[in-house]
Each structure stands twice: as structure tokens, then as C-alpha cells.
Amino acid sequence: MSKQSFDVFCPECNIIVEAKVIARGGGSYRINAVNPVDEVDTEYYGKYYSVCLCPRCDQPFLIQEALYGVPADFETVTEEKILYPVETRLPTDALPESVKTAYDQSIKAFRASLFESCVLMSRKCLEAICKTLDASGDNLNIRLTKLHERGHIDSRLLNWTHEIRLIGNEAAHDIEVPVSKQDARDVLDFTEAILIYIFSLTKRFEALRTRRLKPDGNRL
């Protein structure tokens, strides 16, 4: 039942490709039986690994298949997971809905090679952050500065947000300057870092502080 190829998203080609298997190997198997030799119908579980290559750019992939079966009866794959390259995209469950929507759209645009749309949606993500945190002003430049003044971002992140804003402005108004794949990737990565700082890490830090409170309200 071994597969000869896997349909995967290639981060270098920025498209879904049929990656060909060039090597396969099995890990250890787990059998839930006291005496597996005698209990031939006992269920077993295992892992199988495939090394694949993108047919366009030779990007390597390591794919893990989780197996479940019964000896001499059947075997099936219950899960496929790409172990390499590692997907580092931000989990969006904790994001406000408007921020999540803009961020998701920027990822989809990048994967479709719509780089102008990617940076525009990243810029819109900043707009959504400002609205969520009540950073008001006549334009995005002022609203981002308000985020900094209120302590939501530090000066370094403020510089990142302004660069995203400027690239987004160019994508929207300067038709003579196309957005490159590298610029779009950088914009997406910096947008992700900003979201992690504002929402994920801030929430984790507050949870840490709460855990370390003594019953009398003082810190450990």
C-alpha cells in the first residue's frame, strides 16, 4: 500500500506539487497484546516515513504516516503529517475575528502567488489590530504610533509595522513597482511576529503572572 507520491504545498515553488517518493522506511510497531504471537488478530499501530522531492525545485519533504491494522486482515493510514519543512504559521484560534480573517487571507494570497494581495491583506491586518485595541487616528501611521504610545508594541515592532504599511501603500498605489515573492514572504513573517507579540505572548505572560500569585496577592 506504499504511496509513490504525495500532494504537498512547496514553499519554494509556492504551489501544490506532486512530490515523488525517493526513499521509505518504517519505525517501530506497537501491538496491544500480551502474547502477539498467539493473538494474530490483535490490532497494531506503527509509523512509516517517506522522503520526497518536489518535481520542480527538488525541495525535500519528510512525511510521516500513522498506520493502524490487523495482521492478515487490513492496514490503513490514519494520519499524514509533514515533518519537514516545518510549517511555522501562527495558530489563529486566539486571534480576534477581524485580525484572524485578514491574516488568513494574506496567507492564502501568498500561497496563490498573489503577492500584492498578500501585502495588502497584511496591511489590513494592522488596521484590524488598531481597531481591536482602540488605537484611533486619522490614518494608519497615526494609529500605529498610538499602539506604541499605549505600550502594545515596542519601538522595534513599531518600525516593522511602518514598513508593512509602506509596502502595502506601494502595492495599492504604485502599479509600476510589483511586489516580489521575497518582499511578500517578509511582510507575512513580520506580520506574524507582531501578532505573536501582541496576542500570543502577552496572553501567556499574563497567565504566568497569575500562576505566580500567592494567596495574599503578592508574587512568589
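The values are calculated or read from the model by the stated rules, or taken from the named source; none is laboratory data. The structure displayed is predicted, hence computed values, not measured ones. Ideal geometry is used to build each Cβ from the backbone, glycine not excepted, and the neighbour counts take in all protein chains shown. Keep in mind that these areas ignore ligands, DNA and RNA; they rest on the heavy atoms of the full protein, side chains included. Shrake-Rupley method; radii C 1.70, N 1.55, O 1.52, S 1.80 Å.
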Do we have any residue at all in segment 197-216 that's open to solvent by 70 Å² or more (accessible area, probe 1.4 Å), among the charged types (D, E, K, R) and touching a strand residue (DSSP E or B) at 6+ places or on another chain (Cβ under 9 Å)? yes
Out of the residues in segment 182-208 meeting the condition of being under 17 Å from the mean Cα position of the chain (by Cα) and among the charged types (D, E, K, R), tell me which one is nearest to SER98 (Cα to Cα). GLU192
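For ALA184, state whether it is surrounded by 14 or more Cβ atoms within 10 Å (Cβ to Cβ), closer than 19 Å to PHE115 by Cβ and touching a residue at least 12 places away in the same chain (Cβ under 8 Å).
Details: surrounded by 14 or more Cβ atoms within 10 Å (Cβ to Cβ): yes; closer than 19 Å to PHE115 by Cβ: yes; touching a residue at least 12 places away in the same chain (Cβ under 8 Å): yes.
The answer is yes for ALA184.
Being within 30 Å of VAL17 (Cβ to Cβ), touching a Gly at 6+ places or on another chain (Cβ under 7 Å) and part of a helix (DSSP H, G or I) narrows it down to one of LEU120, LEU195, LEU188, so name that one. Spell out how you get there, then give the answer.
Numbers: LEU195 fails: touching a Gly at 6+ places or on another chain (Cβ under 7 Å); LEU188 fails: touching a Gly at 6+ places or on another chain (Cβ under 7 Å).
The match here is LEU120.
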Within segment 18-36, work out how many residues are touching an Asp or Glu at 6+ places or on another chain (Cβ under 8 Å), open to solvent by less than 50 Å² (accessible area, probe 1.4 Å) and modelled with pLDDT under 90. 1
Residue, surrounded by the fewest Cβ atoms within 10 Å (Cβ to Cβ), within segment 91-104, restricted to residues that are within 13 Å of the chain's Cα centre (by Cα) and part of a helix (DSSP H, G or I): ASP104
Is there a residue in segment 160-181 that is surrounded by fewer than 18 Cβ atoms within 10 Å (Cβ to Cβ), under 23 Å from the mean Cα position of the chain (by Cα) and free of Cβ contacts under 8 Å to residues at least 12 places away in the same chain? no
What pairs come up if the first residue lies in segment 95-123 and is more than 14 Å from ALA172 (Cα to Cα) and modelled with pLDDT under 90, the second is crowded, with 22+ Cβ neighbours inside 10 Å and among the aromatic types (Phe, Trp, Tyr), and their beta carbons are under 9 Å apart, counting only those six or more places apart or on different chains? LEU95/TYR103
